[in-house]
Each structure stands twice: as structure tokens, then as C-alpha cells.
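Trainee: Sharing a structure with you now.
The values are calculated or read from the model by the stated rules, or taken from the named source; none is laboratory data. Keep in mind the model is a prediction, meaning the values are calculated, not measured. Positions of Cβ are backbone-derived with ideal geometry, glycine not excepted, and every protein chain shown enters the neighbour counts.
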Amino acid sequence: MSFRDKVIYQVYPKSFYDSDGDGIGDIRGVIEKIPYIASLGVDMVWFNPFYVSPQNDNGYDVADYYRVNPDMGTMADVEELIARLKEHGIEVMLDMVLNHVSTDHEWFQRALAGEKEYQDFFYLREGKADGSYPTNWESKFGGPAWENFGDTDLFYLHLYDRTQADLNWHNPRVRQELYKVVNFWLDKGVRGLRFDVLNVIGKAEFLEDAAPGVVDKSLYTDTPRVHTWIQEMHRETFGRCDYKVTVGEMSSTTIENSIGYTNPENNELDMVFSFHHLKVDYLDGQKWTKTDFDFPLLKHLLNDWAMGMQAGKGWNALFWNNHDQPRAINRFGDPVNFHAESATMLATVMHLQRGTPYIYQGEEIGMVDPSYENMSDYVDVEALNAYKELLAEGVNEANAFEIVASKARDNSRTPMQWSNAANAGFTSGDPWLRPTDFEQINVAAEEKNGKILPYYKQLIALRKAHPVIARGSYAPYELDHESVYAYVREHDGARLLVINNFYGEPTEFPLDEEFLHGRVVISNYPDPVLEENLQLQPYQSLAILI
Ligand code: NOJ
């Protein structure tokens, strides 16, 4: 089975299941829930980082790549997890955070202690003559991207939190150390690798200012070096494994570069996560704003990426949700009036597209953003910074709260809702992040008589039954319809038409003759009638195979 045939499930270990009552999800908790994961029919599980970390960015600030954070478990637990999942034919994908390390990491500490060899692991630069930072770059979490390096005159670069120091990939020793990390986990039996923000590793040696007032990501994004270093990593690490899945998280990337990263001839990666389709509810491109999503833009982006990647023999990772995104159902669906319908419509759009689908824990039961009422419930560094910045810009507290509530990463990080018991059945202790709305939305209820979980299982099974889904070409269908996004997949004589109504009102949709006598292989409403003017119900999805 190749990476094209798989469905990947994402587990955020801190919020999946807490086996020991400390309020934090752990590896033993995941082991207890393997029967549930296996019941979905997925092929691989991507785990967010569980390495030793001070948790300033929930584990993306790695202090030791070779050990497990004590509150999440032990190396023996991880080995057992890999083995037990394999018994169900499920492989493990781990997060490789190689752009930066925690300032608690030994490399940074030794650099601080004055060891020249380790100082060369980081981007240390002098400030400008006027005492200002080496460049005017901004951290992606707000504020300057530079911080004083101990009590020296130097500054170190951090594109993310100030405790996440960017690694100097120009130094061959750094690259060798990072490849060692990748090989260590491959040797443990890990067969999936998700590379965190991989397209920002290629900063120049001589860092330049962006034009005043401009956030110019091109200075550190998608540079040609990124391709060179991924090819080197391929040779030195995962290239030696017969079967494995590699996916790069590519921030603000382009189709052209993503083809470069994933065209198999280049020996780089299998697929990429790109994010343009998740910025269609940003006002003027700014995340910390609140506005309705732009449906034509969303549809054109999905279509452009599908067409573009196909033309260049690239491959997309398909997803609506992850641990950095608010729940898609709150952004693009209607969780109040059409909860099951809009959840299953969104699932259909992604699972039947050209690419490999990812399911983020909880989306398969229709989990929604938490209904918090004030800032004290949020914990993420990015959300807390954004709230402060909005107030500083003069936005009033109520509006700033509303904006943060619509965009915070905590929205997807709330505990997995297992049942309607206390704390959603996630922990017997105090959860690190408070779950809400679990009385109605939980695994037990979905398993009993829900509509979303069985639909996800059906989508996963469909991919195994019909090669057109994993292998077929992609073409848009009636791209300019005002409320529908539809496309045709084609493989070996089979054609699959996928139709999705993105709105809460019924609509008509023209069906070509050839599909009138097709077979409906999935639909989120019972017994659709195939006719020239197809009558679509609110958030209806269906796929017709001929
Ligand atoms: C992307 C990760 O998904 C996110 O959670 C993290 O904060 C940044 N990379 C920095 O590592």
C-alpha cells in the first residue's frame, strides 16, 4: 500500500486520554484507546510531539528528542504503543521538529555557556549600529523574532516563541545531529514522519531586513536550500526505508514549490500540508480578525491546488482540522442547525479529493470549538499574545475576545470527548484545558446512534474499495455554481462525481446525462434521486460512481 492509499488519524496526545488522572493525556491513555482507533479503519496515526519539553509551545519546544516527557509516559510506553498499533496494521507517524529547539535544549545551554561549537548551532547575530535587532523580522507568535543571547551583545533568531531558537542548518553538524534523530525513531519502528515547518529551515546566512512595515516571509520561506537539504535528509534517513510516509508542513508555500517537494522524481517528500484554504476567513489576510469565509475563494483554492499538484505530479495532504486550527465545522459548516450534515459534507469534500486524507481527533464525532466565555480558559501562547496585541491596537475587550475565540488554537486542543461523564470521560482529574458541549457530542453517543462517526468509517472504507479515490485524476465540475463545490475523479474507466452543498439552503445542481444512472456510493441524506436538476438539501453531499 502506498502513501496514496492511506488514511491518517491525528492524535494530540496531551488531549486524547489521561490514564493516570493528572489531567494530561498520556501514551498509556492512547494504548487504552487503540480499539477505538482501530475501529475507524485508519492506516497510520500521527502523534504530536511527546518529547521532553518545557511545554511553552505544547511540545514543539523540544528539549530532548530522545526521551519522552515524563507526564506523557516513558520510552517503554512508546515502544509498546508502536507494537500494539502494528498488531492492528496501524503504523506510527511522529512529529519531527527540526527547525528549532527549546532554549532548554543542551545545545542551546552549551552555546549560552560559551561553547563556540554550539554557538554555531544557532543564528546568533549582532544588533545594528543603533542598537536595534539584527533584522526587523517578526516572530510568528507576535513581537520581534530576536532575543538577547544571555548577557552578550548578540541576539538569537526565533521565528516562533522566544524559547524556540532556530537551528542553523548551514552547519553540517546540525544537519547530522538532526538526521540522527530521524534515524533513531525509524529504528524504533516509526514509519511516518511529519516535518514541522520544514520550509523555513533555509534562511540565508546573511539575514536581511524586510521592507519597512512589511512581513516578508520570502526572506525565510521556500528558499532553494530547503529542497537541497530535504534531498540530503532523504538520502541520509528515510530514503533507506521501503515503506514509509513523509509529510512536510509548509507554511505560506506555493504550488510550484510543493510540486518540487513532492514530485517523486525529486526524492524529497511524499506530500505536503499547505494552508491557503484555511485562510479564507481572514480579513485582508490577517488571522486575528473575524469574518465569514469566502466560499468562491475557498473553492478556487481547493481546485487550484488539486489541478496544480496533479499537473506537476505532486501530492497533497488533505485536511480541514489539526491542532493549530479552530474546528472546521465552526468555520465552514453550521454546528447549530446542521451539525451532522455539515460535518459529513466537509468530510466528503476532503476524503474524496486527490491526496491523502488526515482526520484530526474528534472531527469524526463532530467536535466543535469550546463555548468559553472569557480569556481565563485559553492557555495557548499565541492566543494570549494575540489578545494583548489586539487590546494594544485599541480593539475593545469584547471584540478582542470574540476574535480570539474564533481563531485560537486551543479550539481544537480541548480534550477528546469520550462520553457525557465528568470532563467528557477524558480524565478523572482536572483537565489541562476545559472541555465543553460534551453532553451531546461524544464518542459513546456517536457509537450508539450518531450519524458522523459511521459516515467517516464509510468514507475510509470507500477509499479501500474504489481505486478511483486514491488513484484517480481530478477535474472540477460546474466550478462556478454559487453554493456547490463538485469535482470528478477518474481512473481506469471509472468516474466518480462528488457533489457538496456548502450552504444551509436547498439548491439545484445540473447533472450530466452520464451520471443519471450512476450508483450513489455515499450520501449524507437517505435515497437521493438522480435527476437532471438534482435537488440538493442543506449541506448535502453525495458521490456518484459510473
Ligand atoms: C507548527 C506546529 O503545528 C505548531 O503547533 C507549532 O507551534 C509551530 N509549528 C512551531 O513549532
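Trainee: Just the residues that are more than 16 Å from the ligand (Cβ to nearest atom) and under 25 Å from Asp57 (Cβ atoms), please, taken from the stretch 83-105.
Mentor: Scanning the stretch 83-105 gives a single hit, Val92.
Trainee: Inspect the stretch 337-357 for any residue being within 12 Å of the chain's Cα centre (by Cα), more than 16 Å from the ligand (Cβ to nearest atom), in contact (Cβ under 8 Å) with a residue 60 or more places away in the chain and crowded, with 21+ Cβ neighbours inside 10 Å and give the result as yes or no.
Mentor: yes
Trainee: Same structure, new question: Between residues in the stretch 146-165 that are within 16 Å of the ligand (Cβ to nearest atom) and residues that are modelled with pLDDT under 95 and of a type in the set (A, V, I, L, M), which pairs lie under 8 Å by C-beta distance while being six or more apart or on different chains?
Mentor: Close Cβ pairs satisfying both conditions: Leu157/Leu207; Asp161/Val381.
Trainee: Taking the criterion of being assigned to a loop (DSSP other than H, G, I, E, B), in the same structural domain as Phe47 (by TED's automatic domain parsing) and small (Gly, Ala, Ser), would at least one residue in the stretch 284-294 satisfy it?
Mentor: yes
Trainee: Sort out for me the helices (runs of 4 or more DSSP H) sitting completely within the stretch 169-273 that have 2 or more residues that are at pLDDT 95 or above and farther than 30 Å from Ala311 by Cα.
Mentor: Helices (runs of 4 or more DSSP H) meeting the threshold: 172-187.
Trainee: Right, another one. Taking the stretch 13-39, which residues are among the hydrophobic types (A, V, I, L, M, F, W, C) and in contact (Cβ under 8 Å) with a residue 60 or more places away in the chain? It would help to see each step written out before you state the result.
Mentor: Step one: filter the stretch 13-39 for residues among the hydrophobic types (A, V, I, L, M, F, W, C), giving 16, 24, 27, 30-31, 34, 37-38.
Phe16, Ile24, listed by residue number.
Trainee: Identify all residues within the stretch 75-94 that are under 21 Å from Asp20 (Cβ atoms) and without any contact (Cβ under 8 Å) to a residue 12 or more places away in the chain; write none if there are none.
Mentor: Met75, Ala76
Trainee: Tally up the residues in the stretch 406-443 that are in contact (Cβ under 8 Å) with a residue 60 or more places away in the chain, outside any loop (DSSP other than H, G, I, E, B) and under 29 Å from Gln286 (Cβ atoms), please.
Mentor: Start the filter on the stretch 406-443 by keeping residues that are in contact (Cβ under 8 Å) with a residue 60 or more places away in the chain, which leaves 406-409, 411-416, 418, 426-437, 441-443.
Still in the list and also outside any loop (DSSP other than H, G, I, E, B): 406-407, 411-413, 443.
From the residues that got through so far, the ones that are under 29 Å from Gln286 (Cβ atoms) too are 406-407, 411-413.
Of the residues in that region, 5 qualify.
Trainee: May I pose another question? Give just the number: which of (1) part of a loop (DSSP other than H, G, I, E, B); (2) touching a helix residue (DSSP H, G or I) at 6+ places or on another chain (Cβ under 7 Å) does Pro357 not satisfy?
Mentor: Looking at each condition in turn, Pro357 falls short on (1).
Trainee: Moving on to the next point. If I filter the stretch 360-387 down to residues being outside any loop (DSSP other than H, G, I, E, B), over 21 Å from the mean Cα position of the chain (by Cα) and of a type in the set (Ser, Thr, Tyr), which single residue comes out as farthest from Lys313 (Cα to Cα)?
Mentor: Ser376
Trainee: Go through Val42, Val97 for me and flag whichever is of a type in the set (A, V, I, L, M), under 30 Å from Arg162 (Cβ atoms) and either touching a Ser or Thr at 6+ places or on another chain (Cβ under 9 Å) or in contact (Cβ under 8 Å) with a residue 12 or more places away in the chain (or both). Don't jump to the end; show me each part of the working.
Mentor: Working: Val42 fails: under 30 Å from Arg162 (Cβ atoms).
After applying the criteria, what remains is Val97.
Trainee: Follow-up. Quick one: which strands (runs of 3 or more DSSP E) lie wholly within the stretch 20-118 and hold at least 2 residues that are in contact with a Lys or Arg (Cβ under 7 Å, 6 or more places away or on another chain)?
Mentor: 44-47, 91-96
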